[in-house]
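Enquirer: Sharing a structure with you now.
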Amino acid sequence: MAKHGYTIEQLMELAGLSVAASIASEYPKGRVVICVGPGNNGGDGLVAARHLNHFGYQPCLYYPVQPTKDLYTRLLLQCQAHGIAVVDDLADEVNKCDIVVDAIFGFSFKGTVRAPYDETLSILRGIDKPIISIDVPSGWDVELGNPQGVGLSPDMLVSLTAPKLCANHFAGRFHYLGGRFVPPDLARDLDIPQYPDSSQCVRLL
């Protein structure tokens, strides 16, 4: 999208807003744990946390590896300025929350899940709370899905820009598309559906 003049900051803001809007479309206001990973998927989660806070939810962040990159540091500071706490005990927080946002790994994930995220995924695989995954469920292959069963099984998937091939293997209740920034010619090429009115997301399933 850079060739169309968008910055990574703009794309992340629009993506995170669409994630929050998708969640607000299906889940009542309550406590939310956002599990934040080391890359852009985690950045989307930080933006989503801020917007969920604006929408009346009670988000907190589980961020096992604190950021060093300026972009993520600023996004974290924005969350903290709105009173969004960073928590240390994921196992305890998921027992108290209503939903969990999986913002750990995105479409660029390859290989084996390493510490500390292997423990994070192990905890999340064992809970009975709805999980909302951003773009690609953590632990999944972007094309093949979750053939080894090591990834998460989310209740909602929010695809960004366009659904990835792995979305064909999604078996949860809600599939949304977000990221309302795709130019018309590219939207036609990707066969992206029309967004309704002023909505930042569109339900696919």
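Enquirer: If I go through the range 97-117 residue by residue, how many of them are surrounded by fewer than 13 Cβ atoms within 10 Å (Cβ to Cβ) and of a type outside the set (A, V, I, L, M)? So that I can check it myself, show each step before the final result.
Expert: Start the filter on the range 97-117 by keeping residues that are surrounded by fewer than 13 Cβ atoms within 10 Å (Cβ to Cβ), which leaves 108, 110-112, 114-116.
Subset that is of a type outside the set (A, V, I, L, M): 108, 110-112, 114, 116.
The total comes to 6.
Enquirer: Could we say that residue 131 is surrounded by 15 or more Cβ atoms within 10 Å (Cβ to Cβ), closer than 19 Å to residue 29 by Cα and either among the polar types (S, T, N, Q) or without any contact (Cβ under 8 Å) to a residue 40 or more places away in the chain (or both) here? Can you show your working first?
Expert: Details: surrounded by 15 or more Cβ atoms within 10 Å (Cβ to Cβ): yes; closer than 19 Å to residue 29 by Cα: yes; either among the polar types (S, T, N, Q) or without any contact (Cβ under 8 Å) to a residue 40 or more places away in the chain (or both): yes.
For residue 131, the condition - surrounded by 15 or more Cβ atoms within 10 Å (Cβ to Cβ), closer than 19 Å to residue 29 by Cα and either among the polar types (S, T, N, Q) or without any contact (Cβ under 8 Å) to a residue 40 or more places away in the chain (or both) - is met.
Enquirer: Sort out which residues of the range 56-81 are under 20 Å from residue 179 (Cβ atoms) and either of a type in the set (S, T, N, Q) or loosely packed, with under 13 Cβ neighbours inside 10 Å (or both), and write them in order of number.
Expert: 78 - this is the single residue of the range 56-81 that is under 20 Å from residue 179 (Cβ atoms) and either of a type in the set (S, T, N, Q) or loosely packed, with under 13 Cβ neighbours inside 10 Å (or both).
Enquirer: Tell me the helices (runs of 4 or more DSSP H) entirely within the range 25-100 that contain at least 3 residues that are β-branched (Val, Ile, Thr), touching a residue at least 12 places away in the same chain (Cβ under 8 Å) and in contact with a strand residue (DSSP E or B) (Cβ under 8 Å, 6 or more places away or on another chain). Walk me through how you get there before you give the answer.
Expert: Numbers: elements: 40-54, 70-81, 90-96.
Per the criteria, no element qualifies.
Enquirer: Of all residues being at pLDDT 95 or above and among the small types (Gly, Ala, Ser) in the range 82-114, which is nearest to residue 43 (Cα to Cα)? Just the residue, please. Talk me through it step by step, then tell me what you get.
Expert: Start the filter on the range 82-114 by keeping residues that are at pLDDT 95 or above, which leaves 82-105.
With among the small types (Gly, Ala, Ser) added as a condition, the list becomes 83, 85, 91, 103.
Details: 83: 18, 85: 16, 91: 22, 103: 8 Å.
Result: 103.
Enquirer: Please go through the range 101-120 and pick out each residue that is of a type in the set (A, V, I, L, M) and in contact with a strand residue (DSSP E or B) (Cβ under 9 Å, 6 or more places away or on another chain). Give the steps one after another, and end with the answer.
Expert: Here is the first cut: in the range 101-120, the residues of a type in the set (A, V, I, L, M) are 101, 103-104, 113, 115.
Of everything in the range 101-120, those that are of a type in the set (A, V, I, L, M) and in contact with a strand residue (DSSP E or B) (Cβ under 9 Å, 6 or more places away or on another chain) turn out to be 101, 103, 104.
Enquirer: Next question, about the same structure. Answer yes if at least one residue in the range 90-100 is at positive phi and of a type outside the set (Ser, Thr, Tyr), and no otherwise.
Expert: Restricting attention to the range 90-100, the residues satisfying the condition of being at positive phi are none.
The answer is no, given that none of the residues of the range 90-100 is at positive phi and of a type outside the set (Ser, Thr, Tyr).
Enquirer: Looking at the range 164-182 only, could you name the residues that are assigned to a loop (DSSP other than H, G, I, E, B), modelled with pLDDT of 95 or more and touching a helix residue (DSSP H, G or I) at 6+ places or on another chain (Cβ under 9 Å)? Steps first, answer last, please.
Expert: Initially, the range 164-182 is screened for residues assigned to a loop (DSSP other than H, G, I, E, B), giving 164, 170-173, 179-182.
The next check asks that each one be modelled with pLDDT of 95 or more; those that pass are 164, 170-173.
Across the range 164-182, the qualifying residue is only 173.
Enquirer: How many residues, within the range 128-147, are charged (D, E, K, R) and in contact with a strand residue (DSSP E or B) (Cβ under 8 Å, 6 or more places away or on another chain)? Step through it out loud before you land on a result.
Expert: We begin by selecting, within the range 128-147, every residue charged (D, E, K, R); these are 128-129, 135, 141, 143.
Pick out the ones that are also in contact with a strand residue (DSSP E or B) (Cβ under 8 Å, 6 or more places away or on another chain) and you get 129, 135.
The number of residues fulfilling the criteria is 2.
Enquirer: Can you name the residue in the range 3-18 that is charged (D, E, K, R) and at pLDDT 95 or above and is also surrounded by the most Cβ atoms within 10 Å (Cβ to Cβ) among such residues?
Expert: Narrowing the range 3-18 to residues charged (D, E, K, R): 3, 9, 13.
This time we only want the ones that are at pLDDT 95 or above, so: 9, 13.
Working: 9: 13, 13: 18.
Across the range 3-18, the extreme among qualifying residues is 13.
Enquirer: Let me ask something additional. Yes or no: residue 136 touching a Cys at 6+ places or on another chain (Cβ under 7 Å), surrounded by 21 or more Cβ atoms within 10 Å (Cβ to Cβ), more than 24 Å from residue 8 (Cα to Cα) and not acidic (Asp, Glu)? Walk me through it before giving the result.
Expert: Details: touching a Cys at 6+ places or on another chain (Cβ under 7 Å): yes; surrounded by 21 or more Cβ atoms within 10 Å (Cβ to Cβ): yes; more than 24 Å from residue 8 (Cα to Cα): no; not acidic (Asp, Glu): yes.
No, not satisfied.
The values are calculated or read from the model by the stated rules, or taken from the named source; none is laboratory data. Nothing here was measured: the structure is a model prediction, and the numbers come from that model. Reconstructed Cβ throughout: ideal geometry from the backbone, glycine too, with neighbour counts over all protein chains shown.
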